[in-house]
1. In whole Å, how far is the Cα centre of the stretch 35-53 from that of the stretch 203-257?
2. Beyond 15 Å, what percent of the Cα pairs of the stretch 152-229 remain?
3. Of the beta bridges DSSP finds with both residues in the stretch 1-93, what % are antiparallel, to the nearest 5?
4. So if I place +1 on the C-beta of Lys and Arg and -1 on the C-beta of Asp and Glu, and nothing else carries charge, what would the dipole magnitude of the chain be about its Cα centre? I want it in debye, nearest 20.
5. Could you work out Rg/(2.2 N^0.38 Å) for the stretch 17-132, with Rg from alpha carbons only?
6. How big is the stretch 65-117 by Rg and Dmax over its Cα atoms, in Å?
7. Among T153, F173, L194, pick out the residue whose Cα is farthest towards the positive end of the charge dipole of the stretch 127-210, where Lys and Arg carry +1 and Asp and Glu carry -1 on C-beta, about the Cα centre.
8. Among bridges DSSP assigns within the chain, what percent are antiparallel (round to 5)?
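The values are calculated or read from the model by the stated rules, or taken from the named source; none is laboratory data. Here the structure is a predicted model, which is why all the values come from computation and not from measurement. Cβ sites come from the backbone with ideal geometry, for glycine too, and all protein chains shown count toward neighbours. When the accessible area is computed, the model is the full protein with side chains, heavy atoms only, and any ligands, DNA or RNA have been set aside. Shrake-Rupley method; radii C 1.70, N 1.55, O 1.52, S 1.80 Å.
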Amino acid sequence: MSNSNFAHVVGSGPRHVIALNGWFGHAQGWGPFVQSLDTKSFTYAFMDQRGYGKRKGSGGPYTFAQIASDALALADELGWKTFALMGHSMGGGAIQMVLADAPDRVQALVGITPVPASGVPFDEAGWGFFSSAAKDVGARREILNITTGGRLTGTWLDAMAQSSLVHTDIEAFDAYLTAWAKTPFAERIQGKALPVLVVAGEHDPALGAETCKATWLQHYPNARLEVMSNAGHYPMDETPVALATVVEAFLREAMPG
C-alpha cells in the first residue's frame, strides 16, 4: 500500500507541509490544533509512522531513517517537490532526519516541543521508567502528567494514555524510544540555513526553552524560539489556537505564496 494511504491530508492550499507526530501520537491525533489551520493557504499531510495509526501491524523498522524514507516517499506520491516539515516531540527529531536526507527539498522546519538531533539523555531510572511505558498504560499516563507540569485534568490524561495505547503497536512504541532518545545525528544538520521555528512549552520540564536553546538554536543559525504560555509538552491540545497562529505566521513568511 502506498504511503499516501497512511496520511491524513487536510486543506488544499499551495503551501505544502508534512507533519510527523510524537511518541504518543498518530496522524489523526493532533487534537483541536487541526481545527484552527488555514486550509485555503496550506495543505497539511499528517503521516502515520510504522506501527502507528493506520499503519498498525506494518512491522518495522522503527527508526528515524525509515520515517524519513516514508516521508519522502509520501511527498513524491503527493507530487510535492518541496515542502515544509512540522514535527511534535519525537516527530521533531524525525523531521530533521528528512532534512539530512533531502536538504534541497525542505523549505522550513517547525519543531513543536521537539526532540533535538543530538538525542535525549536519560539516567538509568528514567530510562527504566520510560521503557516500561510500552506495556504499562499507567506509566504512559504519568509521563503525560510529568511532561505537562502536573497541572492538567485527569480526564485528558486518561484519554491521551488510552489513545496512545489503542493507536500504537507495543513493539513500535518500545523501539521508537531508542529512535528518539539514542539516535544522535546532529553533525548531519548542523549549520543548515533554512528558516526554523522552535516552539517550547512554558510548563515542559524536559524539552522546554532551555533545552531548545542549548540544542536547536545552536544547530540552526536561522532558528527562532517561541515559548507558548500556559502549555507543557502538548500545545496542540493545551493552546491549539495560539499554536496554529504562531506556526502559520512563521510558515507564511518562510514559504511565500
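1. Centre-to-centre (Cα) distance: 17 Å.
2. Details: 2112 of 3003 pairs.
Tail of the P(r) past 15 Å holds 70 percent of the pairs.
3. Antiparallel: roughly 35 percent of the beta bridges in the stretch 1-93.
4. Taking the Cα centre of the chain as origin, the dipole is about 420 debye.
5. Numbers: Rg = 14.4 Å, N = 116, 2.2 N^0.38 = 13.4 Å.
Rg over 2.2 N^0.38 Å, computed on Cα atoms: 1.08.
6. 10.1, 29
7. Comparing the listed Cα positions along the dipole, L194 ranks first.
8. Values: 6 of 32 bridges.
Percent antiparallel among DSSP bridges in the chain is about 20.
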